[in-house]
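See below for the structure under consideration.
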Amino acid sequence: MQVVKTISEVREIVSSWRKEGLSVGLVPTMGFLHEGHQSLIEKSVSQNDRTVVSVFVNPIQFGPNEDLEAYPRDLEHDKILVEKAGGNLIFHPEPSEMYPGHFTSFIDTTETTELLCGAVRPIHFRGVCTVVGKLFNIVCPDRAYFGQKDAQQLATIRRFVRDLNFPVEIIPCPIIREEDGLAKSSRNTYLSPEERQAALILSKSLRLGKEAIENGEDNPQRVINIIKENLSTEPLARIDYVEIVDFENIQRVEKIEGETLVAIAVYIGKTRLIDNFIITK
């Protein structure tokens, strides 16, 4: 398993794989890898001859008051996890390698980024789509793997890949949770023991909403109210949003039908956590 820092090195290695007729999977990450990332890498390893994992804390997807400098980093741990999962190459560039000189070109998206996290983090998805688009052009993978926990990101990447004719198949992968239900996230490390316990309110509240839908409730506002009421029972929780949208377009729905995303963002103390489920009726 190799670690490289330059675009030219990645292209040279992938080119040699292509000459051997090998397929290539890509798992884009910001590092500080956990079992959720491991599941993506393992999925890629199972479907491709070679797997590239990018480890890059992308500065252009962070707003001015967000946690870029504090975002956790541990490349040595990441190397161990990637090797354990069967990955072949880590691409770990410096920001100057990805954004040289006077960088002025971005991939911008509409519709899928108007609500949810896009409403409160206005530059976030432009940064995400730009770095993912660059990674697609650098690695030229056959398939790329993204977790459902970042469901709006997944939907947005699928859209720009379709709209801009990127020749890559997007593979969605399920949320990986702790035994007590908390969705795996690098930001969980920010939580104090008390906040870690309080964070369980996210998955518990979503479970109540899912049960209501499975029992026949198809009114989005009533399901939203069920989730909000349960979230409000936790003193350390502050709701950012609770939304129900169609999963393809990330737009609000009048009735829960088809493939529907139920998504929440909640502050536990100072830490913003997201969680969701997707249901098809």
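Assorted remarks:
- Interchain or long-range residues, amide H under 5 Å from residue 236's placed H: none
- Accessible-area composition of the chain, carbon plus sulfur, in percent [1.4 Å probe]: 47
- Put a plus charge on the Cβ of each Lys and Arg, a minus charge on the Cβ of each Asp and Glu, and nothing anywhere else: the dipole of the chain about its Cα centre is then about 280 debye.
- The calculated FRET efficiency for residue 233 paired with residue 179, based on their beta-carbon distance and R0 = 22 Å, is about 0.50.
- Under the criterion of Cα pairs below 8 Å and six or more residues apart, the relative contact order for the range 1-102 equals 40 percent.
- Counted residue by residue at 0.36 nm each, then reduced by the alpha carbon distance between them, the extension gain from residue 69 to residue 280 reaches 72.1 nm.
- Each Lys and Arg contributes +1 and each Asp and Glu -1, all at the Cβ; summed about the Cα centre of the range 167-281, the dipole is approximately 380 debye.
- Computed magnitude of the charge dipole of the range 1-115 (debye, nearest 20; Cβ of K, R +1, Cβ of D, E -1): 540
- Net lengthening on full extension, residue 97/residue 11 (0.36 nm per residue, minus Cα-Cα): 29.6 nm
- For the range 1-158, alpha-carbon Rg and Dmax in angstrom: 15.3, 47
- Annotation for residue 47 and residue 194: the two label points, set 7 Å from Cα along the Cα-Cβ direction, are 4.4 nm apart.
- Linear extension gain, residue 111 paired with residue 22, 0.36 nm per residue minus alpha-carbon span: 28.4 nm
- Stokes-Einstein D (µm²/s) once Rh is taken as the Kirkwood radius of the range 123-180 over alpha-carbon pairs, at 25 °C in 0.890 mPa s: 203
- Candidates 221, 22, 185 compared by Cα position along the dipole of the chain: farthest toward the positive end lies 22, with charges placed on Cβ.
- Size-normalised alpha-carbon gyration radius of the chain, reference 2.2 N^0.38 Å: 1.02
- Relative contact order (%) - the chain, alpha-carbon pairs under 8 angstrom, separation at least six: 17
- Taking the convex hull of Cα positions in the range 100-259, its mean projected area over all directions (nm²): 11.4
- Per residue, the average separation of C-alpha pairs within less than 8 Å and at least 6 apart gives the range 169-281 a relative contact order of 23 percent.
- Per residue, in Å², the accessible surface of the chain once ligands and nucleic acids are set aside, probe 1.4 Å: 47
- Kyte-Doolittle at least -1.0, axis length at least 20 Å by Cα - qualifying DSSP helices, the chain: 124-139, 200-214
The values are calculated or read from the model by the stated rules, or taken from the named source; none is laboratory data. This one's a predicted model, so the numbers in the text were calculated from it and none came from an experiment. Positions of Cβ are generated from backbone atoms using ideal geometry, with glycine treated the same way; all protein chains shown enter the neighbour counts. Just so you know, the surface numbers come from the protein's heavy atoms only, side chains and all, with ligands and any DNA or RNA stripped out. Shrake-Rupley method; radii C 1.70, N 1.55, O 1.52, S 1.80 Å.
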